[in-house]
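For reference, the structure is listed below as structure tokens.
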Amino acid sequence: MNICVLTKQVPDTDSSIRINDLSDDIVLDGLKMIMNPYDEYAVEEAVKTCQSIPGSKSTVMTLGEGSSKSILITSLAMGMDEAVRIEDPGGEEDCYKTAIILSRVLGEMDFDLIFVGKSAFDDNASSVGALVAEFLGVPYVSNVVKFEITGDDSLKIHREKESGADVVCVSLPCVISCEKGLNRPRYPKLMKLMKANKKNIPVRSIDSLGFTDVEINGFEKTKTLGLITPPCRPPGKMLEGEPEEVISELFRELREVVKVV
Amino acid sequence: MSQRLWTIVFTKDDKISRESLEVISAAKQMGKDIDLTIEAIFAGHKISVEDYRELLHQGIDRVYIIDHKDFRDFNLGAMKELISEMAEKYSPSIILMPANVYGKELAPSLSGMLKTGLLADCIEIRHRDGFLECTRPIYAGRILSKVKLDCDGVKIASIRPHVYPVPETVDEVTTEVEIVQYNGFSGAGAVIREIQETLGGMDISEANIIVSGGKGMKSAENFALLEDLARLLGGAVGASRSAVDEGWRPHHDQVGQTGKVVMPDLYIACGISGAVQHLVGMNRSKCIVAINKDPDAPIMKIADYAIVGDLFEMIPILTEKFRKCRTGG
Ligand SMILES: Cc1cc2nc3c(=O)[nH]c(=O)nc-3n(C[C@H](O)[C@H](O)[C@H](O)COP(=O)(O)OP(=O)(O)OC[C@H]3O[C@@H](n4cnc5c(N)ncnc54)[C@H](O)[C@@H]3O)c2cc1C
């Protein structure tokens, strides 16, 4: 079985995210960059699946600038076999563009299964996986929390939704987006990180994929007009003292002032 | 000339889902700025008028009914095929749908199929100078981004649930009903075999009141305290990721970056420190109460009422007060 994982580099979710002076991006200077948290489930599931089926091969891929090599190294240390980085063409970050570039590379490969994370911490659009599936002409299932190979070319998976889960049957090849709960991603061991660090990671340029600049421009369907910080909440009240008194006051406020109950 | 706007309707427990009605609100809001013909697409199996009557009272122009066995459950392949066939015939300008789990599968798939742009998970959508423009949360809600669609052809957007209100219904029915034929999906796709409604209580993202517990609850059993209070208030119980990771609560009750985003009228956070990944899931609640031993916990800085103290002392007193008030004591 040939398995691919699509991943991207994002700021650590603990870091303080600030908007730049032009209000068109965040300040990236000094931010710690990590593998998008949901992608860890994708890598783990790919590694696990490969281990369970002899003769399988796993490839991790990212579209990103040079620094994003580090998440590919992490993936290799977690057990992925191969890694590819596609050089980011710059310009507007747009899901459609990202997906069409990724699917061009995937189209050159022989794959049975593609894992992606449920959503990316930075863009939150949850769209690239579905778009890639569409461009490759294969089925897509999102938010997968349980994954089972039931036959040579079929899967039984659980898609988590607002009120429970759907048990879904789907045939290979397909694209699966991974939700928390699917597995427990392993930590890459230091030894393995050191070994992965030495591995040659091929870089694909946009030119090598046969896209012209005009085409790439045409894939940018959206334009960011500006970023804003969500409005702050007005300061609240701190209530301290005897539990009975404090709760009496809270109870009164909730009923009379807030009128929520 | 009037532009055609479509809203995609999803059902939940055989009823039209609240999110789908909220999308109609978003459409009507947009209709104040430009001349729109608003039409809803309702696909299902063995449909009776009762199933879609609610749509006839939303003051929209038309409802398309598509009755086919492929639409008994959500079927991404069939849905996108149906809508793209219909789009070819009717040339809509805009397609809106809820950004729930199904909508987040359908919207990007359609955008790929129709080779057009998508605004995903919008909290506000508007039409300006001939463009579709939205505000959408990025970085898990820590930043808001204003984005416009810069493409030809039909424009697609998904609308985050529970931001727009459910529209006011109208008594008079002027909505037309049109039946559309669909021949069935032949491609490879994902098919639902079984639906597991694992949700014991209420879906927290639909609750008006949420009582939420964190690591400070110390055990699964102690959540009974919060359940008592939530039951009295007609609310639901939520949890922080730590409480979920401990196995005290199911993942679908988790609030935050890797859980649900909630916007209830009242959010009571008990023994939750307020890590940024939790805050982004609840900081748009109307009123926030935090009960925490530590006055410096980050949740205390954003709470409208920050109660300093032991939750095991405080919660029972609060519950008792509401109980008395309920029973008229
Ligand atoms: C990628 C990523 C995604 C994440 N996603 C989420 C998410 O979706 N949701 C989420 O919640 N977290 C998420 N987290 C985790 C988050 O960073 C915090 O670790 C978590 O929210 C902490 O949970 P907590 O507040 O329950 O626990 P703690 O931080 O341990 O806080 C417990 C609090 O309880 C108080 N307390 C203890 N005993 C009592 C008592 N008797 N009475 C009153 N107060 C008491 C303490 O003072 C403390 O403030 C994520 C983290 C990462 C890295």
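The values are calculated or read from the model by the stated rules, or taken from the named source; none is laboratory data. Here the structure is a predicted model, which means the values were calculated and not measured. Here the Cβ positions follow ideal geometry from the backbone for every residue, glycine too, while neighbour counts run over all protein chains shown. Keep in mind that these areas ignore ligands, DNA and RNA; they rest on the heavy atoms of the full protein, side chains included. Shrake-Rupley method; radii C 1.70, N 1.55, O 1.52, S 1.80 Å.
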Using a Gaussian network model on chain B with a 10 Å cutoff between Cα atoms, which of B:LYS28, B:LYS155, B:LYS69 fluctuates the most?
B:LYS69
Here the residues of the range B:134-180 whose accessible area is at least 40 Å² smaller with all protein chains than in the chain alone (probe 1.4 Å) are B:ARG136, B:TYR139, B:ARG142, B:ILE143, B:LEU144, B:LYS146, B:LYS148, B:ASP150
Please work out the average accessible area per residue across chain A, using the 1.4 Å probe convention, and give it in Å².
46
Have a look at the range B:209-236 and report residues whose accessible surface goes down by 30 Å² or more when the remaining protein chains are included, against the chain on its own, probe 1.4 Å, ligands and DNA/RNA excluded.
none
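Which whole number gives the average, over all residues in B:97-105, of C-beta atoms from other chains lying within 10 Å of the residue C-beta?
Other-chain Cβ atoms within 10 Å of each residue's Cβ, averaged: 5.
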Losing no less than 20 Å² of accessible area (probe 1.4 Å) relative to the isolated chain, the residues of the range A:93-134 are A:TYR96, A:PHE121, A:ASP122, A:ASP123, A:ASN124, A:ALA125, A:SER126, A:SER127, A:ALA130, A:LEU131, A:GLU134
For chain B, set up a Gaussian network in which alpha carbons nearer than 10 Å are linked by springs, and say which option among B:GLY247, B:GLY281, B:GLY77 fluctuates the most.
B:GLY247
What is the distance in Å between the Cα centroid of the range A:108-183 and that of the range B:222-259?
27
Cysteines having no other Cys beta carbon under 4.7 Å from their own, within chain B
B:CYS151, B:CYS270, B:CYS287, B:CYS325
Simple spin-label model, 7 Å along Cα-to-Cβ: B:ARG193 to A:LYS57 in nm?
3.0
What's the FRET efficiency of A:LYS237 with B:THR174 using the Cβ-Cβ distance as r and R₀ = 60 Å, to the nearest 0.05?
0.75
Can you give the alpha-carbon Rg of the range B:204-327 over 2.2 N^0.38 Å, where N counts its residues?
0.93
Taking one equal scatterer on every alpha-carbon of chain A, how large is log10 of I(q)/I(0) by Debye at q = 0.07, 0.10, 0.11 1/Å?
-0.32, -0.59, -0.68
Dividing the Cα radius of gyration by the Kirkwood radius, what Rg/Rh value follows for the protein assembly as shown?
0.97
Per-residue ellipticity at 222 nm for chain A, helices alone: DSSP H runs ≥ 4 residues times -39500 (n - 2.57), over residue total, nearest 500 deg cm²/dmol?
-8500 deg cm²/dmol
Computing the accessible area with a 1.4 Å probe over protein heavy atoms, can you report the carbon and sulfur percentage for the range A:44-128?
45
Which whole-Hz couplings ³J(HN,Hα) result when phi for each residue of the range A:82-94 is put into the Karplus expression 6.51 cos²θ - 1.76 cosθ + 1.60, θ = phi - 60°, listed in order with x for Gly and Pro?
10, 9, 9, 10, 9, 5, 5, x, x, x, 4, 7, 9
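Is it possible to state the helix-based mean residue ellipticity at 222 nm for chain B, with each DSSP H run of 4+ residues giving -39500 (n - 2.57), the sum divided by total residues, to the nearest 500 deg cm²/dmol? What is it?
On the way: 9 runs with 90 residues, N = 329.
Taking each H run of at least 4 residues, the total per residue is -8000 deg cm²/dmol.
Quote the total accessible area buried by chains B and A together, excluding ligands, DNA and RNA, probe 1.4 Å, nearest 100 Å².
7000
Among the listed pairs A:LYS161/B:LYS155; A:LYS8/B:LYS80; A:LYS48/A:LYS161; A:LYS161/B:LYS301, give every one whose C-alpha distance is greater than 30 Å.
On the way: A:LYS161/B:LYS155 26 Å; A:LYS8/B:LYS80 27 Å; A:LYS48/A:LYS161 24 Å; A:LYS161/B:LYS301 32 Å.
Checking Cα-Cα distances, A:LYS161/B:LYS301 exceed 30 Å.
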Accessible area of the range B:169-226 divided out per residue, in Å², using a probe of 1.4 angstrom
56
Quick one: Karplus J couplings for the range B:33-41, per residue in order, coefficients 6.51, -1.76, 1.60, θ = phi - 60°, nearest Hz, x for Gly and Pro?
8, 9, 7, 10, 9, 9, 10, 10, 10
For B:LYS293, counting only aspartates and glutamates whose alpha-carbon sits under 12 Å away and dropping same-chain residues fewer than eight positions off, the answer is A:GLU240, B:ASP310, B:GLU313
If the convex hull is drawn through the Cα atoms of the range A:177-261, its volume per residue in Å³:
350
Could you state the accessible area per residue of the range B:1-105 in Å², with a 1.4 Å probe and every protein chain left in place?
39
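Heavy atoms only, probe 1.4 Å: what % of the accessible area of chain B goes to carbon and sulfur, would you let me know? Mind dumping the intermediate values first?
Values: 6040 of 13170 Å².
After summing per-atom areas, the C and S share lands at 46 percent.
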Out of B:ILE24, B:ILE272, B:ILE317, any idea which swings most in a Gaussian network model of chain B, alpha carbons joined below 10 Å?
B:ILE317
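Could you pull out the pairs from A:LYS259/B:LYS28; A:LYS118/B:LYS115; B:LYS28/B:LYS69; A:LYS118/B:LYS12 whose alpha carbons sit more than 25 Å apart here? Spell out each step's value before the answer.
On the way: A:LYS259/B:LYS28 29 Å; A:LYS118/B:LYS115 22 Å; B:LYS28/B:LYS69 31 Å; A:LYS118/B:LYS12 22 Å.
Long pairs (Cα-Cα over 25 Å): A:LYS259/B:LYS28; B:LYS28/B:LYS69.
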Would you pull out the residues with amide H under 5 Å of A:VAL60's amide H, same chain only if 5 or more places away, H placed 1.01 Å from N?
A:VAL5, A:GLU82, A:ALA83, A:VAL84
For the range B:244-256, Karplus-derived ³J(HN,Hα) couplings (6.51, -1.76, 1.60; θ = phi - 60°; whole Hz; x for glycine and proline) come out as 6, 5, 6, x, 7, 9, x, 4, 6, 9, 6, 9, x
